[in-house]
Amino acid sequence: MKILIVYAPAGAGHKRAAEAIEEAFNRSKCDYEVHLVDSLDYSNWLFKRLYPWGYNFLVSKTPSLWGFFYYLLDFKPLQFFIGLGRGFLNFINGLAFYKYILRESPDCIISTHFLATEIISNLKRLKLYRRKLITCVTDYGVHAFWISRQVDLYVAASEYSKKELVKKGIEQDRIRILGIPVLHKFTEKQDRNESIKKLDLKEGFFNILIMGGGLGVGPILKLVNVISKCTCPFQIIVVCGKNLSTFRKLEALSISSKMPIKVYGFVENVNELMNVSDVMISKPGGLGLSEAFVKGLPVLVTSYIAGHEAKNLKFLEKNGAGIGTRGIRETLQMLQTLYASRDLLNAMKVKAKLLSKPSAASDIVLLALESVKE
């Protein structure tokens, strides 16, 4: 018996979700052969490089253009023509992936990215692959690119996500609300004080975690500059990702600042950083929000990408687990309000926890195993 977990590295969240599912399979100790697969590894060299590069370039350098294409490609009257173009491009660039799927002939495929979903759906449409395809949507909103009649089961992040899937034509009995999968370490209980000591942070402060994602995008430097001049007993924990320039500037600022500032580059212990934090400032990516919800951590959003992140922010605010702020000054004011009003802060923490789906990864494993038995 063989199961493939397939993703594409256009944004870090798709891979992290796939890794969480793979980890859950390993923890389940099932006797299935499980493989984690980057679908772009089976495309031509140009497509493999341009696909993630194009996404990263658009969202970081030309976010308005990304937003325009997001909504244009989600426009229902254009779906037939867009589908023809996408199908042709994906067939040409994914030919090796088609052959890989046919050669491996897995009993079940779990996809965390719409590129893999579409390619496998084409095989199912042609009746060349007749087994199970499960698609895990890694945002709270749903774009038309995720939609395929050949998907056997959809894993939705929330009731809000389910409604969007139904609105786009997916039958309710093909949808399971299991959440966006996170790694097991986010679900583990950790003592805050022990984590503070382990991370060499100062005790007794209101800790603010600032996340810029893997690329370290957003107004991180300006944000830290403004917050660090505040007289509140704040401690700033900032993750710059792979943005070396911002990391160096913040390192220099941390030396001269009266407010304690801890600066990180790319890290693997986000779970520990969330554990010691009172509030997080971050872009509203689906995976990042899901991890914060599991930790019961309120989220402030200072910037977001039009499209999928805008929908994620709408979900966050609608459920009271976070707030979108307009500008750095408003962000500072919100931080001061949350520090002064612990009742408001605690209410947001409770609402974040209510949105969490800590068992999402293991529930997806059970769903896959049940679907194979059927």
* Could you check, for segment 192-211, whether at least one of its residues is under 27 Å from GLY141 (Cα atoms), in contact with a helix residue (DSSP H, G or I) (Cβ under 8 Å, 6 or more places away or on another chain) and surrounded by fewer than 21 Cβ atoms within 10 Å (Cβ to Cβ)? => no
* Scan segment 138-152 residue by residue and report those that are out of contact with any strand residue (DSSP E or B) (no Cβ under 6 Å at 6 or more places or on another chain) and closer than 15 Å to ARG176 by Cβ. => THR138, VAL142, TRP146
* **Residue among LYS202, LYS283 that alone is within 22 Å of ARG329 (Cα to Cα), touching a strand residue (DSSP E or B) at 6+ places or on another chain (Cβ under 8 Å) and assigned to a loop (DSSP other than H, G, I, E, B)** => LYS283
* **Residue that is nearest to ALA310 (Cα to Cα), among those in segment 44-75 that are in contact (Cβ under 8 Å) with a residue 60 or more places away in the chain and among the aliphatic types (A, V, I, L, M)** => VAL59
* To do: Considering only segment 231-244, state which residues are surrounded by fewer than 20 Cβ atoms within 10 Å (Cβ to Cβ) and in contact with a Leu (Cβ under 9 Å, 6 or more places away or on another chain).
  => CYS232, LYS242
* Right, GLY204: out of contact with any His (no Cβ under 6 Å at 6 or more places or on another chain), of a type outside the set (Phe, Trp, Tyr) and on the phi > 0 side of the Ramachandran plot or not? -> yes
* Does segment 346-359 contain any residue that is in contact with a Phe, Trp or Tyr (Cβ under 8 Å, 6 or more places away or on another chain), over 30 Å from ARG27 (Cβ atoms) and not assigned by TED's automatic domain parsing to the domain that holds LYS163? -> no
* Take SER303 and decide whether it is part of a helix (DSSP H, G or I), within 27 Å of ALA20 (Cα to Cα) and touching a residue at least 24 places away in the same chain (Cβ under 8 Å). => no
* When the residues of segment 126-153 are filtered to those that are without any contact (Cβ under 8 Å) to a residue 60 or more places away in the chain and not in a loop (DSSP other than H, G, I, E, B), which remaining residue is farthest from the chain's Cα centre (by Cα)? -> LEU133
* With respect to the numbered conditions (1) within 18 Å of GLY212 (Cβ to Cβ); (2) buried (at least 19 other Cβ atoms within 10 Å of the Cβ), which one is the sole condition not fulfilled by ALA368? -> (1)
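Residues checked against (1) small (Gly, Ala, Ser); (2) not in a helix (DSSP H, G or I); (3) not assigned by TED's automatic domain parsing to the domain that holds LEU65:
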{"site": "LEU209", "(1), (2), (3)": "no, yes, yes"}
{"site": "VAL226", "(1), (2), (3)": "no, no, yes"}
{"site": "VAL238", "(1), (2), (3)": "no, yes, yes"}
{"site": "GLY241", "(1), (2), (3)": "yes, yes, yes"}
{"site": "LYS249", "(1), (2), (3)": "no, no, yes"}
{"site": "LYS262", "(1), (2), (3)": "no, yes, yes"}
{"site": "GLU268", "(1), (2), (3)": "no, yes, yes"}
{"site": "SER277", "(1), (2), (3)": "yes, yes, yes"}
{"site": "SER290", "(1), (2), (3)": "yes, no, yes"}
* Asked: SER356 passes all but one of (1) closer than 24 Å to GLU23 by Cα; (2) within 16 Å of the chain's Cα centre (by Cα); (3) at pLDDT below 95; which number fails?
  -> (3)
* To do: Quickly run through segment 100-118 and pick out the residues that are of a type outside the set (A, V, I, L, M, F, W, C), in contact (Cβ under 8 Å) with a residue 24 or more places away in the chain and within 16 Å of ARG130 (Cα to Cα).
  => TYR100, GLU104, SER105, PRO106, ASP107, SER111, THR117, GLU118
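Can you tell me how many residues in segment 103-125 are in a helix (DSSP H, G or I), of a type outside the set (Asp, Glu) and either farther than 19 Å from ASN44 by Cβ or touching a helix residue (DSSP H, G or I) at 6+ places or on another chain (Cβ under 7 Å) (or both)?
11
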* Within segment 88-132, how many residues turn out to be touching an Asp or Glu at 6+ places or on another chain (Cβ under 6 Å) and farther than 25 Å from TYR70 by Cα? -> 2
* Is at least one residue of segment 76-96 surrounded by 19 or more Cβ atoms within 10 Å (Cβ to Cβ) and either touching a strand residue (DSSP E or B) at 6+ places or on another chain (Cβ under 8 Å) or not in a helix (DSSP H, G or I) (or both)? -> yes
* Could you say whether any residue in segment 25-43 is touching a residue at least 12 places away in the same chain (Cβ under 8 Å), among the charged types (D, E, K, R), over 21 Å from PHE145 (Cβ atoms) and assigned to a helix (DSSP H, G or I)? -> yes
* Checking GLY214 against (1) within 22 Å of the chain's Cα centre (by Cα); (2) at pLDDT 90 or above, which test does it fail? -> (2)
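The values are calculated or read from the model by the stated rules, or taken from the named source; none is laboratory data. Because the structure is a prediction, the values reported are computed rather than measured. Ideal geometry is used to build each Cβ from the backbone, glycine not excepted, and the neighbour counts take in all protein chains shown.
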